[in-house]
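Contents: one structure, followed by commentary.
The values are calculated or read from the model by the stated rules, or taken from the named source; none is laboratory data. Nothing here was measured: the structure is a model prediction, and the numbers come from that model. Note that each Cβ is placed from the backbone with ideal geometry, even for glycine, and that neighbours are counted across all protein chains shown. Note: areas computed on protein heavy atoms with side chains; ligands, DNA, RNA excluded. Shrake-Rupley method; radii C 1.70, N 1.55, O 1.52, S 1.80 Å.
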Amino acid sequence: MRDPYAYHRRKTHAVASIGADNVPRVVARLNNTSVLRMEDLAAVGHIYDPASDKWMMRDQAAEFLYMGERPLSFMAPAGTRQILDYDTWLRHEDRFYCVPLIEVSGYLQSSPECHSVMNVIRCEIRDITPDLIDKLRADITAVLLLRSDSHSYYTSMRMACDTLLLSGIATPVILEHELSAPSVDELVLRAATDLGGLLVDGFGDGTMLSVGNGDEVDEALSLRLAYNVLQAARTRMTKTEYISCPSCGRTLFDLQETTSLIRSHTDHLKGVKIGIMGCIVNGPGEMADADYGYVGSGPERITLYRGQDIVQRNIPAAGAVEALMDIIKTDGRWVERT
Ligand code: SF4
(Lines give C-alpha, C1' and ligand atoms only; values in the text may rest on other atoms or scores of the structure.)
Protein backbone atom coordinates (compact mmCIF):
# COMPACT_ATOMS: atom_id res chain seq x y z
CA MET A 1 0.00 0.00 0.00
CA ARG A 2 1.42 3.37 -1.03
CA ASP A 3 1.64 6.08 1.59
CA PRO A 4 -0.56 8.80 0.06
CA TYR A 5 1.37 11.49 1.92
CA ALA A 6 4.82 10.54 0.61
CA TYR A 7 6.37 10.85 -2.83
CA HIS A 8 6.97 7.55 -4.58
CA ARG A 9 7.96 7.42 -8.21
CA ARG A 10 6.36 4.49 -9.99
CA LYS A 11 9.07 1.86 -10.46
CA THR A 12 9.96 1.29 -14.09
CA HIS A 13 12.80 -0.37 -15.95
CA ALA A 14 15.09 1.61 -18.23
CA VAL A 15 14.49 1.58 -21.96
CA ALA A 16 17.31 3.48 -23.68
CA SER A 17 17.56 6.55 -21.42
CA ILE A 18 13.92 6.53 -20.30
CA GLY A 19 12.62 5.16 -17.00
CA ALA A 20 14.24 3.67 -13.87
CA ASP A 21 16.39 6.34 -12.17
CA ASN A 22 16.71 8.54 -15.24
CA VAL A 23 15.26 12.01 -14.94
CA PRO A 24 12.03 12.42 -16.90
CA ARG A 25 12.88 12.97 -20.56
CA VAL A 26 11.44 15.68 -22.76
CA VAL A 27 10.04 14.86 -26.18
CA ALA A 28 9.38 17.70 -28.64
CA ARG A 29 6.43 17.20 -30.92
CA LEU A 30 7.55 18.37 -34.35
CA ASN A 31 5.43 16.19 -36.64
CA ASN A 32 3.41 19.17 -37.84
CA THR A 33 6.30 21.59 -37.91
CA SER A 34 8.41 22.42 -40.87
CA VAL A 35 11.98 21.58 -39.85
CA LEU A 36 13.94 22.10 -43.02
CA ARG A 37 17.20 23.55 -41.75
CA MET A 38 19.44 22.72 -38.83
CA GLU A 39 18.79 26.22 -37.47
CA ASP A 40 15.10 25.32 -37.10
CA LEU A 41 15.92 23.13 -34.09
CA ALA A 42 16.96 26.17 -32.03
CA ALA A 43 13.35 26.37 -30.77
CA VAL A 44 13.78 23.01 -29.04
CA GLY A 45 17.18 23.76 -27.53
CA HIS A 46 19.66 22.60 -30.18
CA ILE A 47 21.77 25.39 -31.64
CA TYR A 48 23.71 24.75 -34.81
CA ASP A 49 26.83 26.79 -35.49
CA PRO A 50 27.62 26.64 -39.23
CA ALA A 51 31.10 28.15 -38.73
CA SER A 52 32.31 25.28 -36.56
CA ASP A 53 29.78 22.78 -37.93
CA LYS A 54 28.87 21.87 -34.35
CA TRP A 55 25.71 21.56 -32.27
CA MET A 56 25.31 23.15 -28.86
CA MET A 57 22.68 21.68 -26.56
CA ARG A 58 21.06 23.98 -24.02
CA ASP A 59 20.28 22.77 -20.50
CA GLN A 60 16.65 22.79 -21.53
CA ALA A 61 16.67 20.88 -24.80
CA ALA A 62 14.45 18.14 -26.16
CA GLU A 63 16.08 14.72 -26.04
CA PHE A 64 13.64 13.03 -28.39
CA LEU A 65 12.13 14.59 -31.49
CA TYR A 66 8.78 13.22 -32.59
CA MET A 67 8.89 13.79 -36.36
CA GLY A 68 5.92 11.59 -37.36
CA GLU A 69 6.04 11.06 -41.12
CA ARG A 70 8.60 13.79 -41.74
CA PRO A 71 12.08 12.69 -40.67
CA LEU A 72 14.88 15.23 -40.55
CA SER A 73 16.72 15.63 -43.83
CA PHE A 74 20.01 16.02 -41.89
CA MET A 75 21.63 14.08 -39.08
CA ALA A 76 19.93 14.73 -35.74
CA PRO A 77 22.01 16.48 -33.04
CA ALA A 78 24.12 14.14 -30.91
CA GLY A 79 22.22 12.98 -27.85
CA THR A 80 18.82 13.06 -29.55
CA ARG A 81 16.74 10.42 -31.20
CA GLN A 82 13.96 10.84 -33.72
CA ILE A 83 10.67 9.09 -33.14
CA LEU A 84 8.99 8.25 -36.45
CA ASP A 85 5.58 6.84 -37.28
CA TYR A 86 5.98 3.12 -37.81
CA ASP A 87 5.66 2.99 -41.63
CA THR A 88 8.05 5.90 -42.00
CA TRP A 89 10.52 4.22 -39.65
CA LEU A 90 10.33 1.01 -41.70
CA ARG A 91 11.41 2.94 -44.80
CA HIS A 92 14.10 5.00 -43.06
CA GLU A 93 17.76 4.24 -43.70
CA ASP A 94 18.80 4.76 -40.10
CA ARG A 95 16.60 2.45 -38.10
CA PHE A 96 18.83 2.43 -35.05
CA TYR A 97 19.05 6.09 -34.07
CA CYS A 98 15.44 6.54 -35.14
CA VAL A 99 12.82 4.64 -33.16
CA PRO A 100 9.28 3.71 -34.20
CA LEU A 101 5.99 4.93 -32.80
CA ILE A 102 3.47 2.09 -33.03
CA GLU A 103 -0.25 2.57 -32.44
CA VAL A 104 -1.50 0.11 -29.86
CA SER A 105 -3.77 -1.71 -32.33
CA GLY A 106 -0.78 -2.53 -34.56
CA TYR A 107 1.29 -3.53 -31.55
CA LEU A 108 -1.36 -6.04 -30.46
CA GLN A 109 -2.64 -7.40 -33.74
CA SER A 110 0.53 -8.46 -35.42
CA SER A 111 4.17 -8.97 -34.69
CA PRO A 112 5.61 -6.05 -36.58
CA GLU A 113 9.28 -5.64 -37.14
CA CYS A 114 10.48 -3.75 -34.09
CA HIS A 115 13.46 -1.80 -32.86
CA SER A 116 15.88 -3.89 -30.83
CA VAL A 117 16.11 -1.33 -28.01
CA MET A 118 13.12 1.00 -27.91
CA ASN A 119 9.60 0.98 -29.33
CA VAL A 120 7.12 3.71 -28.48
CA ILE A 121 3.57 2.40 -28.10
CA ARG A 122 0.86 5.05 -28.16
CA CYS A 123 -2.24 4.29 -26.11
CA GLU A 124 -5.10 5.72 -24.07
CA ILE A 125 -6.78 4.42 -20.94
CA ARG A 126 -9.31 2.38 -22.91
CA ASP A 127 -6.42 0.56 -24.63
CA ILE A 128 -4.99 -0.72 -21.36
CA THR A 129 -6.50 -4.19 -21.58
CA PRO A 130 -5.29 -7.51 -20.12
CA ASP A 131 -3.89 -8.35 -23.60
CA LEU A 132 -1.81 -5.20 -23.66
CA ILE A 133 -0.60 -5.71 -20.12
CA ASP A 134 0.45 -9.29 -20.90
CA LYS A 135 2.34 -8.17 -23.94
CA LEU A 136 4.05 -5.30 -22.12
CA ARG A 137 5.04 -7.60 -19.27
CA ALA A 138 7.17 -9.62 -21.69
CA ASP A 139 8.55 -6.65 -23.63
CA ILE A 140 11.60 -4.82 -22.29
CA THR A 141 11.76 -2.49 -25.32
CA ALA A 142 8.36 -0.83 -24.96
CA VAL A 143 7.77 2.74 -23.79
CA LEU A 144 4.16 3.83 -23.50
CA LEU A 145 3.16 7.18 -24.94
CA LEU A 146 0.04 7.71 -22.86
CA ARG A 147 -2.53 10.32 -23.78
CA SER A 148 -6.09 11.32 -23.08
CA ASP A 149 -8.63 13.38 -24.98
CA SER A 150 -10.82 13.66 -21.90
CA HIS A 151 -11.77 17.11 -20.60
CA SER A 152 -10.57 15.82 -17.28
CA TYR A 153 -7.05 15.01 -18.45
CA TYR A 154 -5.56 14.60 -14.99
CA THR A 155 -8.28 12.24 -13.75
CA SER A 156 -8.26 9.92 -16.75
CA MET A 157 -4.46 9.84 -16.95
CA ARG A 158 -4.26 9.19 -13.21
CA MET A 159 -6.65 6.24 -13.64
CA ALA A 160 -4.54 4.88 -16.49
CA CYS A 161 -1.35 5.24 -14.44
CA ASP A 162 -3.00 3.56 -11.45
CA THR A 163 -4.02 0.66 -13.69
CA LEU A 164 -0.41 0.24 -14.81
CA LEU A 165 0.79 0.50 -11.22
CA LEU A 166 -1.66 -2.11 -9.95
CA SER A 167 -0.86 -4.46 -12.83
CA GLY A 168 2.76 -4.48 -11.67
CA ILE A 169 4.31 -3.86 -15.08
CA ALA A 170 7.42 -1.70 -15.21
CA THR A 171 7.01 -0.17 -18.66
CA PRO A 172 8.12 3.48 -18.68
CA VAL A 173 5.47 6.06 -19.54
CA ILE A 174 5.73 9.32 -21.46
CA LEU A 175 2.85 11.67 -20.71
CA GLU A 176 1.48 13.17 -23.93
CA HIS A 177 -0.57 16.34 -23.71
CA GLU A 178 -1.79 18.87 -26.25
CA LEU A 179 -3.05 22.15 -24.90
CA SER A 180 -4.62 25.06 -26.63
CA ALA A 181 -5.64 28.24 -24.81
CA PRO A 182 -6.06 31.90 -25.64
CA SER A 183 -3.42 33.08 -23.19
CA VAL A 184 -0.03 31.95 -21.95
CA ASP A 185 -1.24 32.24 -18.34
CA GLU A 186 -3.97 29.71 -19.03
CA LEU A 187 -1.54 27.36 -20.74
CA VAL A 188 0.80 27.57 -17.75
CA LEU A 189 -2.03 26.83 -15.31
CA ARG A 190 -3.34 23.87 -17.26
CA ALA A 191 0.08 22.36 -17.89
CA ALA A 192 0.91 22.73 -14.21
CA THR A 193 -2.30 21.13 -12.95
CA ASP A 194 -2.51 18.38 -15.58
CA LEU A 195 1.09 17.27 -15.94
CA GLY A 196 2.43 18.64 -12.66
CA GLY A 197 -0.21 16.74 -10.69
CA LEU A 198 0.79 13.43 -12.29
CA LEU A 199 4.51 14.06 -11.78
CA VAL A 200 4.02 14.95 -8.13
CA ASP A 201 2.05 11.71 -7.79
CA GLY A 202 5.14 9.84 -9.06
CA PHE A 203 3.91 9.09 -12.58
CA GLY A 204 5.71 9.89 -15.80
CA ASP A 205 9.16 9.02 -17.11
CA GLY A 206 8.90 11.72 -19.73
CA THR A 207 6.61 14.32 -21.24
CA MET A 208 5.51 15.24 -24.74
CA LEU A 209 3.77 18.55 -24.27
CA SER A 210 2.62 20.72 -27.13
CA VAL A 211 0.96 24.03 -26.42
CA GLY A 212 -0.34 26.78 -28.62
CA ASN A 213 -3.19 28.95 -29.65
CA GLY A 214 -5.55 27.00 -31.87
CA ASP A 215 -3.68 24.99 -34.52
CA GLU A 216 -0.47 26.93 -34.06
CA VAL A 217 1.96 25.01 -31.83
CA ASP A 218 4.60 27.10 -30.12
CA GLU A 219 7.59 24.73 -29.89
CA ALA A 220 9.76 27.02 -27.80
CA LEU A 221 6.97 27.66 -25.28
CA SER A 222 6.10 23.95 -25.18
CA LEU A 223 9.69 23.08 -24.33
CA ARG A 224 10.04 25.81 -21.70
CA LEU A 225 6.77 24.86 -20.09
CA ALA A 226 7.65 21.15 -20.01
CA TYR A 227 10.94 21.89 -18.25
CA ASN A 228 9.34 24.37 -15.88
CA VAL A 229 6.66 21.86 -14.87
CA LEU A 230 9.32 19.19 -14.30
CA GLN A 231 11.31 21.63 -12.15
CA ALA A 232 8.27 22.75 -10.17
CA ALA A 233 7.39 19.10 -9.51
CA ARG A 234 11.02 18.64 -8.37
CA THR A 235 11.52 15.77 -10.78
CA ARG A 236 14.13 17.41 -12.98
CA MET A 237 16.14 20.48 -12.02
CA THR A 238 17.60 22.40 -14.94
CA LYS A 239 17.98 25.86 -13.50
CA THR A 240 18.49 27.67 -10.23
CA GLU A 241 15.46 27.66 -7.97
CA TYR A 242 14.57 30.57 -5.71
CA ILE A 243 12.27 30.35 -2.73
CA SER A 244 11.43 33.77 -1.47
CA CYS A 245 8.94 34.79 1.17
CA PRO A 246 5.98 36.98 0.20
CA SER A 247 7.35 39.76 2.44
CA CYS A 248 5.44 41.41 5.31
CA GLY A 249 5.91 43.97 8.07
CA ARG A 250 8.78 41.93 9.47
CA THR A 251 10.85 42.11 6.29
CA LEU A 252 14.22 43.60 7.13
CA PHE A 253 15.53 44.53 3.66
CA ASP A 254 14.32 45.34 0.16
CA LEU A 255 13.30 41.82 -0.77
CA GLN A 256 12.68 42.47 -4.46
CA GLU A 257 15.91 44.31 -5.06
CA THR A 258 17.96 41.77 -3.12
CA THR A 259 16.28 38.83 -4.86
CA SER A 260 17.05 40.27 -8.27
CA LEU A 261 20.66 40.96 -7.18
CA ILE A 262 21.10 37.37 -5.99
CA ARG A 263 19.48 36.08 -9.17
CA SER A 264 21.78 38.15 -11.34
CA HIS A 265 24.79 36.40 -9.76
CA THR A 266 23.44 32.87 -9.43
CA ASP A 267 20.82 32.17 -12.09
CA HIS A 268 23.24 29.93 -14.02
CA LEU A 269 23.69 27.45 -11.14
CA LYS A 270 21.66 24.52 -12.35
CA GLY A 271 19.82 22.65 -9.60
CA VAL A 272 20.83 24.96 -6.70
CA LYS A 273 17.94 26.08 -4.46
CA ILE A 274 18.34 29.41 -2.68
CA GLY A 275 15.93 30.72 -0.07
CA ILE A 276 15.67 34.52 0.33
CA MET A 277 13.67 35.32 3.44
CA GLY A 278 12.70 38.62 4.97
CA CYS A 279 13.13 37.76 8.65
CA ILE A 280 14.74 35.26 10.97
CA VAL A 281 11.49 34.66 12.88
CA ASN A 282 9.78 32.58 10.22
CA GLY A 283 12.26 32.61 7.32
CA PRO A 284 14.25 29.44 8.12
CA GLY A 285 11.04 27.44 8.44
CA GLU A 286 9.50 28.92 5.32
CA MET A 287 12.49 28.23 3.09
CA ALA A 288 11.88 24.51 3.57
CA ASP A 289 14.35 22.42 1.59
CA ALA A 290 16.52 25.20 0.15
CA ASP A 291 20.23 24.40 -0.20
CA TYR A 292 21.22 27.90 0.94
CA GLY A 293 19.42 30.63 2.81
CA TYR A 294 19.81 34.42 2.84
CA VAL A 295 17.77 35.60 5.80
CA GLY A 296 17.29 39.07 7.29
CA SER A 297 18.28 38.96 10.97
CA GLY A 298 18.23 42.65 11.89
CA PRO A 299 18.40 46.06 10.25
CA GLU A 300 21.16 45.80 7.63
CA ARG A 301 22.08 42.37 9.00
CA ILE A 302 21.91 39.03 7.24
CA THR A 303 22.31 35.44 8.42
CA LEU A 304 23.42 32.88 5.85
CA TYR A 305 22.39 29.23 5.95
CA ARG A 306 23.53 26.00 4.39
CA GLY A 307 20.36 23.96 4.45
CA GLN A 308 18.96 24.57 7.93
CA ASP A 309 22.40 25.24 9.48
CA ILE A 310 23.68 28.74 10.14
CA VAL A 311 27.02 29.36 8.43
CA GLN A 312 27.44 33.12 9.05
CA ARG A 313 25.37 34.94 11.62
CA ASN A 314 24.40 38.62 11.55
CA ILE A 315 26.88 39.77 8.93
CA PRO A 316 26.53 43.25 7.36
CA ALA A 317 24.10 43.30 4.43
CA ALA A 318 26.78 44.99 2.33
CA GLY A 319 28.84 42.04 1.09
CA ALA A 320 26.33 39.37 2.15
CA VAL A 321 25.59 38.34 -1.44
CA GLU A 322 29.32 37.84 -2.08
CA ALA A 323 29.55 35.83 1.15
CA LEU A 324 26.68 33.63 -0.06
CA MET A 325 28.51 33.06 -3.34
CA ASP A 326 31.68 32.13 -1.41
CA ILE A 327 29.75 29.47 0.53
CA ILE A 328 28.44 27.98 -2.71
CA LYS A 329 32.00 28.02 -4.11
CA THR A 330 33.38 26.35 -0.96
CA ASP A 331 30.81 23.59 -1.42
CA GLY A 332 32.03 22.99 -4.98
CA ARG A 333 28.65 23.91 -6.45
CA TRP A 334 29.77 27.02 -8.27
CA VAL A 335 30.39 27.06 -12.01
CA GLU A 336 31.44 30.03 -14.06
CA ARG A 337 28.85 31.50 -16.37
CA THR A 338 29.41 30.50 -20.01
S1 SF4 B 1 9.74 35.14 6.35
FE2 SF4 B 1 9.40 36.79 7.83
S3 SF4 B 1 9.36 38.62 6.54
FE4 SF4 B 1 9.02 36.92 5.17
S5 SF4 B 1 6.79 36.73 5.06
FE6 SF4 B 1 7.51 35.30 6.62
S7 SF4 B 1 7.27 36.48 8.52
FE8 SF4 B 1 7.23 37.98 6.85
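List of remarks:
- Segment 181-206, subset more than 16 Å from MET157 (Cα to Cα) and touching a Leu at 6+ places or on another chain (Cβ under 6 Å), residue surrounded by the most Cβ atoms within 10 Å (Cβ to Cβ): LEU187
- Pairs, first among the hydroxyl-bearing types (Ser, Thr, Tyr) in segment 272-288, second assigned to a helix (DSSP H, G or I), C-beta under 7 Å, six or more apart: none
- Filter result (more than 13 Å from the ligand (Cβ to nearest atom) and open to solvent by 10 Å² or more (accessible area, probe 1.4 Å)) within segment 271-298: GLY271, LYS273, ASP289, ASP291
- Any hit, segment 69-86, residues being over 28 Å from the mean Cα position of the chain (by Cα) and surrounded by fewer than 17 Cβ atoms within 10 Å (Cβ to Cβ): no
- Residue-level check: of (1) in contact with an Asp or Glu (Cβ under 7 Å, 6 or more places away or on another chain); (2) closer than 30 Å to ARG9 by Cα; (3) open to solvent by less than 10 Å² (accessible area, probe 1.4 Å), LEU209 misses just (1).
- Residue within segment 213-228 that is more than 16 Å from the ligand (Cβ to nearest atom), open to solvent by less than 30 Å² (accessible area, probe 1.4 Å), of a type in the set (Val, Ile, Thr) and not in a helix (DSSP H, G or I) present: no
- Selection of first residues in segment 136-159 that are open to solvent by 50 Å² or more (accessible area, probe 1.4 Å) and of second residues that are aromatic (Phe, Trp, Tyr), restricted to Cβ pairs under 8 Å at least 6 apart or on distinct chains, gives the following pairs, ordered by first then second residue: ARG158/PHE203.
- Test: ALA323 is modelled with pLDDT of 95 or more and surrounded by fewer than 18 Cβ atoms within 10 Å (Cβ to Cβ): yes
- Cβ pairs under 7 Å, 6+ apart, first in segment 248-259 and in the same structural domain as ALA320 (by TED's automatic domain parsing) and touching a residue at least 24 places away in the same chain (Cβ under 8 Å), second open to solvent by less than 80 Å² (accessible area, probe 1.4 Å) and more than 10 Å from the ligand (Cβ to nearest atom): LEU252/GLY298; PHE253/ALA317
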